[in-house]
Amino acid sequence: MESNIRFSSGDFTLEGILNEQSGRDAVVICHPHPLYGGNMDNPVVMTIARAFFEKGFTTLRFNFRGADNSTGKFDEGIGEQDDVKAALSFLDEKGYANRTLAGYSFGARMNASIVSIGCEVKDHIMVSPPVGFMSFDDIENMPSTGLIITGRNDDIAPPALVEKHIKRWKIDSKFKIIEDCDHFYSECLDDLQGVLTDYLL
């Protein structure tokens, strides 16, 4: 059952939605850029959450600092990394041993930052990592990355550029391209959920 929760990230209080299952698998799902209207109720974020929940995962989606009712203000992607760590710690304190990170667009970039510096998660999934909009040059190692998804017509996460980064990262992740799909997954949410569901089997 979904519940509204709050947890601390440094001096800030973040709001989130926790949807609990009985198992020990849980996922943190991070939303797109807050300065462009991104929040935890984004349709892509909710689709990711639905796919995980249907596969038995407890899901936690939350608002980064300064988004909606989370306190603080946007911190140029620096403090937001602490927000992701705080969400993982929240799950850890609740006894979820197997934690996965999933993120869409800006959320994928934040997750990549902490995974690349050694944050341990069971799995790491990126949906439309914004390689055409934000630099990923500092990301050198993401061994836990299992799946990367983008749309064929995604100009913020262009497939060719995403693939170039995958080769540079030297990771053996699955890479799925959804045909006739843009960055916002317009009319492609069912396709996205299908890709995730197949992966999580």
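Readers should treat all values here as calculations from the given coordinates under stated rules, not as data from a laboratory. Owing to the predicted nature of the structure, the values given are computational and were not obtained by experimental measurement. Quick reminder, even Gly has a Cβ in these numbers, built from the backbone with ideal geometry, and neighbours come from all protein chains shown.
Within the chain, the longest run free of exposed loop sites, counting GluC sites (Glu not before Pro) that sit outside DSSP helix and strand states (H, G, I, E, B) and have at most 12 other Cβ atoms within 10 Å, spans 1-75.
Full extension of the chain segment joining TYR36 with GLU76 gains 13.1 nm, where the gain is 0.36 nm per residue of separation less the Cα-Cα distance.
Sparse packing (at most 12 other Cβ atoms within 10 Å of the Cβ) combined with a DSSP loop state is found for the following trypsin sites (Lys or Arg not before Pro) in the range 121-183: LYS170. Taken along the Cα-to-beta-carbon direction at a fixed 7 Å, the label points for GLU2 and SER135 span 3.8 nm. Going by the alpha-carbon gyration tensor, a ≥ b ≥ c the square roots of its eigenvalues, is the range 147-201 rounded (a/c under 1.5) or, if a/c is not under 1.5, prolate (a/b greater than b/c) versus oblate? In terms of gyration-tensor shape, oblate. Most simply put, the range 2-192 has about 35% antiparallel DSSP beta bridges, counting only bridges with both residues inside it. Using θ = phi - 60° in the Karplus curve 6.51 cos²θ - 1.76 cosθ + 1.60, the 3J(HN,Hα) couplings for the range 65-77 round to 3, x, 8, 6, 9, 6, 6, x, 9, 3, 10, 6, x Hz; x is entered for Gly and Pro. Taking other Cβ atoms within 10 Å as a rough exposure proxy, VAL195, VAL162 sort from fewest to most as VAL195, VAL162. Phi-derived couplings, Karplus 6.51 cos²θ - 1.76 cosθ + 1.60 at θ = phi - 60°, listed residue by residue for the range 23-40: x, 9, 8, 9, 9, 9, 10, 10, 8, x, 4, x, 6, 10, x, x, 7, 6 Hz, with x used for Gly and Pro.
Within the chain, CYS30, CYS119 have no other Cys Cβ under 4.7 Å of their Cβ and so lack a disulfide-compatible partner by this rule.
Give the label of the value calculated from the structure for Rg and Dmax of the Cα atoms in Å, choosing from (1) 15.3, 43; (2) 16.8, 60; (3) 15.8, 47. Computing Rg and Dmax of the Cα atoms in Å and matching it to (1) 15.3, 43; (2) 16.8, 60; (3) 15.8, 47 gives (1). Annotation: for a label point projected 7 angstrom from Cα along Cα→Cβ of GLU54, residues of the range 163-189 with backbone N closer than 12 Å are 189.
Tell me whether the range 10-103 comes out rounded, prolate or oblate; compute the Cα gyration tensor, take square roots of the eigenvalues as a ≥ b ≥ c, and use a/c under 1.5 as the rounded threshold. Note, shape of the range 10-103 comes out oblate.
Helix content alone sets the calculated 222 nm mean residue ellipticity of the chain: runs of n ≥ 4 DSSP H residues at -39500 (n - 2.57) each, divided across all residues, give -9500 deg cm²/dmol. Computed extension length for GLU93-ARG168: 23.5 nm, one decimal, from 0.36 nm per residue of separation with the Cα-Cα distance subtracted.
Cβ-to-Cβ counts within 10 Å put CYS119, CYS181 in ascending order as CYS119, CYS181, the fewest first.
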